Structure formats: structure tokens, C-alpha cells
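Chemist: Structure incoming, see below.
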Amino acid sequence: MKFSGSISEADKEKARYELVGVPFDGNAFKKGAREGPHAIRRASQRLETFLWHRKLELSDLLYYDRGNIKLEWFTKGKRERIEDFDLKKRTIFIGGDHSISYPIVKYLFERGEIAKVIIIDAHADFRDSYKNNRFSNACVTRRIAELLGFENVIEIGVRSSSEDEYATLNKIRICDVDIVKEKGVEWLLKEIGKGEEKTYLSIDIDVLDPSIAPGVEHPEPCGMSLESLISLIPEIMKRKNVVASDVVEVNPRLDTVNGITSINAARIIFEILACYGEMDTRLEE
């Protein structure tokens, strides 16, 4: 099953954007996120590809769902390898647990494809190790920051960490959920800043409140609304050259009967696609 609105295999060379599934949950404690890509694709079929608030038909943007790529990763850190792919187009990766972000970022960074990372997440994910695994999804932000440089990573929406993590969070820019509520979106956008550096945007679906995204491994109360997140994504992408992104941590085994977490993840992907189109329109003008 392809993501809704994807052009056909025969027309894939016409695609301006790509979607890629990464069905991996080898570093998750509660398994099921490997089923996320299929669940999100299925949920996308339940949504109209015409975005009412933008008056935009998404399928006009010409995006292609390439299917899934294979991730080989032994959780003790002996080896990590993501199947080779070329980032010829702006891409959205569909997870999968959040640990998939590290090998993807590593692959792109080593090829000069990205220089900055923005992570929207409920959890700091800044542990050095979790259950003797330095590549756990609880360590993903720390591994990315060590790779790119701590000054090149910013986290938004955080509202949970261990005490040990909290003591080290001054190494990176953190815009936690409380300070965003206190100082407002305009302050947040100033913190994000503007720049043409190639940027990777990672969205952990658990940044949303569990009432609207219950199908996650670690639900965290008092989260963002879907409306707030959908309003924030375009503002970030107006200011940063986002060349690749991911939406991770949907676990269909933990979702409601109507699959609301998958539906909301699909809706977020719709918004990212629309922003990709808007970014390229600005560049062409």
C-alpha cells in the first residue's frame, strides 16, 4: 500500500518529493513501531488529499512513496547500517522507533547532505546509555548531538527526562513545553533562527498529548495539540532549509480502535509535504 496521493511506479521519475518507510523497532522496549509505516500509509487513505486550510491538492505536488528500506542495527552498537539511498529529493522517512533517526542522520551528515537537526519530542532522549544500549531510542538526541556538534541541534516540546539527563541538557538548545507556553511562539521562532544550512526535522509523535496520540511507547501527559504542531511546522520550514524529515514512534499495537495516532501522523506528513512544495515555490520565484 502506498501513501495516499503518491504517483505511480511508472511516473516515479517525475516525483519532486519522496516518502520512505523504515519499519524498525529493535531499540524499543514495547515492540510494534515497526508496523508504523504500514499503519500510517493505511490511515492516509482515510484522509482527503485536499488540504482545506491551504486550498491545496497534495497530489499536485508529485510525491512518490518508495516503499520501505532496510535498517540493520544490532542494539549493542556493534554495527549500524541503513540501506543505501540517494537523497536527490526532499524526503520524509516514516518510522519506526525514534532510534532510526540516528543512522539516517549519520548517513546524510557523512555525505554532506545535512548540517543541522531540529527535534520535536516529548522526551529529551539524552541519556548516554539505557539498559546497556547506547543506541536506544532514549539516547537518540545525544548520539545525534555528538555527531553533528551540540550547537547544531535544537529540541522543541520536551517535557520529560531523567534527573541525570536534565543535568546535561545545557549542552544543547532546549525549548521545552513550559518555556514555549510562557514566552510564546514568536520567542521560539527567534530561538530557532533563520539559515540556509541543510536541516533535518525529526518529529516524535509523542510530542502530542496522549489524548490525541495514545499509540506510542511512552505517552507523556500535557502535550501539544495537533493544531499547535501543524501551525509550528510551516513556521520552522519558512526559516530553515529542511531537506529531509521523519515522523516516528507510532505504535499501532497501542493505538485506539480507530487508529487516531496513525491518522494524526499521516496528517502531519501531509503538512510537511505541503511545506516542501511551498519551500520550492519560494526558491523558484
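What follows draws every value from the coordinates through simple rules; no lab data is involved. Model, not experiment: these values are computed from the prediction. Cβ: placed from backbone, ideal geometry, glycine included. Neighbour counts: every protein chain shown.
Chemist: Please list 3J(HN,Hα) in residue order for region 88-105, calculated via the Karplus relation 6.51 cos²θ - 1.76 cosθ + 1.60 where θ = phi - 60°; whole Hz, with x for glycine and proline.
Modeler: Once rounded to whole Hz, the list reads 8, 9, 4, 10, 10, 9, 10, x, x, 6, 5, 5, 5, 5, 5, x, 5, 4.
Chemist: Let me ask something additional. Taking H placed 1.01 Å from N in the peptide plane, check which residues at least 5 places from residue 68 or on another chain put their amide H under 5 Å from its amide H.
Modeler: Answer set, sorted by chain and number: 21.
Chemist: Using the 10 angstrom Cβ neighbour count as an exposure proxy, how do 31, 89 rank, fewest first?
Modeler: Fewest-to-most ranking of 31, 89: 31, 89.
Chemist: GluC sites (Glu not before Pro), restricted to region 175-284: which are DSSP loop and have at most 14 other Cβ atoms within 10 Å?
Modeler: none
Chemist: Moving to a separate point now. How do 164, 255 rank when sorted from fewest to most other Cβ atoms within 10 Å of their own Cβ? Don't jump to the answer; show the numbers that get you there.
Modeler: Details: 164 10, 255 22.
Taking fewest neighbouring Cβ atoms as first place, the list is 164, 255.
Chemist: Continuing with the same structure: Rounded, prolate or oblate: which one fits the chain, using the alpha carbon gyration tensor with axes a ≥ b ≥ c (rounded when a/c is under 1.5, else prolate when a/b beats b/c, else oblate)?
Modeler: Rounded, since a/c falls under 1.5.
Chemist: Continuing with this model, one more query. Once amide H atoms are built 1.01 Å from N in the peptide plane, which residues 5 or more positions from residue 56, or in another chain, come under 5 Å H to H?
Modeler: For residue 56, the qualifying residues are 51.
Chemist: Evaluate the charge dipole of the chain about its Cα centre and quote only its size in Debye, nearest 20, assuming +1 on the Cβ of each Lys and Arg and -1 on the Cβ of each Asp and Glu.
Modeler: The calculation lands at about 540 debye.
Chemist: Hey, another quick one. Of the beta bridges DSSP finds with both residues in the chain, what % are antiparallel, to the nearest 5?
Modeler: Antiparallel bridges make up about 15 percent of those DSSP assigns within the chain.
Chemist: Would you list 160, 202 from fewest to most Cβ contacts within 10 Å?
Modeler: So the residues, fewest neighbours to most, are 160, 202.
Chemist: For the chain, what relative contact order do you get, as a whole percent, if you take Cα pairs closer than 8 Å and at least 6 residues apart? Kindly include the intermediate steps, with their values, before the conclusion.
Modeler: Details: 590 pairs, mean separation 62.5, N = 285.
Across the chain, relative contact order equals 22 percent.
Chemist: Enumerate the amide H contacts of residue 123 below 5 Å, restricted to partners 5 or more residues apart or on another chain; note that Pro and chain-start residues carry no placed amide H.
Modeler: Result for residue 123 returns 159.
Chemist: Using θ = phi - 60° and the Karplus form 6.51 cos²θ - 1.76 cosθ + 1.60, what ³J(HN,Hα) does each residue of region 223-233 get, whole Hz, x for Gly and Pro?
Modeler: Per-residue couplings from phi come out as x, 6, 7, 5, 4, 5, 5, 5, 6, 6, 3 Hz.
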